[in-house]
Amino acid sequence: DAKTTQPTSMDCAEGRAANLPCNHSTISGNEYVYWYRQIHSQGPQYIIHGLKNNETNEMASLIITEDRKSSTLILPHATLRDTAVYYCIVIDTSGTYKYIFGTGTRLKVLA
Amino acid sequence: GAGVSQSPSNKVTEKGKDVELRCDPISGHTALYWYRQSLGQGLEFLIYFQGNSAPDKSGLPSDRFSAERTGGSVSTLTIQRTQQEDSAVYLCASSFTFSSYEQYFGPGTRLTVT
């Protein structure tokens with residue numbers, strides 16, 4: 001079973017920040033939080049990952065709460081091309097690195 | 001550079017037939033993963049390879065499913081005696097090593113069993 005819960009869907013206006021929450025209340029100390037997205041009819045694409053510190057790259061920012069029980073993916077200026085299903089996954093770095101996907105959040109960016 | 005490729009992109013087969021799905025990982029990637037995605041569902045882990053060995057086959061749904069990898073590169077997922085519930089998109093991913101952070105996914109093979 002997936003170790004994360006996410007809202008089923010969200011809308012965001014083009015040009016605004018999209019904030020996608022994820023709950024991972026049972027996360028353990030050696031588990032990372034990863035975010036992927038899947039644009040229609042394509043394979044998932046890596047976005048960002050983190051352990052306990054906030055992270056930023058050219059695509060997004062990841063904010064992890066101090067207790068690590070939840071996180072938020074931030075797309076600072078959403079575009080229509082960001083419309084996709086966003087998956088939050090926790091990975092046990094001492095295990096097989098297999099991904100256990102939940103159902104994700106379907107983000108729709110509106111013009 | 002070239003990403004993960006999968007073939008065929010689409011496969012329609014009759015119930016009871018065997019099918020083979022192929023994955024070509026990124027050159028030099030030692031870890032390879034198979035997932036499947038049923039219509040409207042999230043991705044389901046099937047099996048992963050480190051080199052040519054498969055330490056974790058826990059996700060294979062039945063003994064009709066098998067996979068192999070040769071030469072540390074190409075992998076084949078075989079489904080014997082296909083059933084309608086096998087209809088899904090089968091995705092392959094690879095990573096540089098077993099413990100690499102990022103998995104690179106291919107475009108998938110859409111399997112339809114009629």
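Points to keep in mind about this one:
- Which of B:K11, A:K3, A:K52 is most accessible, then next, and so on - probe 1.4 Å: A:K52, A:K3, B:K11
- Average accessible surface area per residue within chain A, 1.4 Å rolling probe, Å²: 51 Å²
- Computed over segment A:60-111, the quotient of the alpha carbon radius of gyration and 2.2 N^0.38 Å is 1.36.
- Phi angles of segment B:2-9 translate, via the Karplus equation with coefficients 6.51, -1.76, 1.60 and θ = phi - 60°, into HN-Hα couplings of 5, x, 6, 10, 9, 8, x, 6 Hz per residue; Gly and Pro are given as x.
- Sulfur and carbon atoms: percent of accessible area, the protein assembly as shown [1.4 Å]: 47 percent
- Compactness index (Cα Rg / 2.2 N^0.38 Å), segment B:1-73: 1.17
- For segment B:1-54, a simple Cβ point-charge model (Lys and Arg +1, Asp and Glu -1, everything else neutral) yields a dipole of about 80 debye relative to the Cα centre.
- Measuring spread by the Cα atoms of the protein assembly as shown yields a radius of gyration and Dmax of 17.7, 53 Å.
- Note on B:S5 and B:T97: the model spin-label points, each 7 Å out from Cα along the C-beta direction, lie 2.8 nm apart.
- Once B binds A, the 1.4 Å probe can no longer reach about 1600 Å² of accessible area, counting both sides.
- Using the 1.4 Å probe convention, the accessible area of segment B:1-66 works out to 51 Å² per residue with neighbouring protein chains retained.
- Dipole-positive endmost among B:Y33, B:T78, A:H77 within the protein assembly as shown (Cβ charges, Cα centre): B:T78
- For chain A, the Kirkwood hydrodynamic radius comes to 14.0 Å, computed from all pairs of different C-alpha atoms.
The values are calculated or read from the model by the stated rules, or taken from the named source; none is laboratory data. Note that this is a predicted model, so its numbers are computed, not measured. A quick note on method: Cβ atoms are made from the backbone with ideal geometry, for glycine too, and the neighbour counts reach across all protein chains shown. Surface accessibility is based on the protein's heavy atoms, side chains included, excluding ligands, DNA and RNA. Shrake-Rupley method; radii C 1.70, N 1.55, O 1.52, S 1.80 Å.
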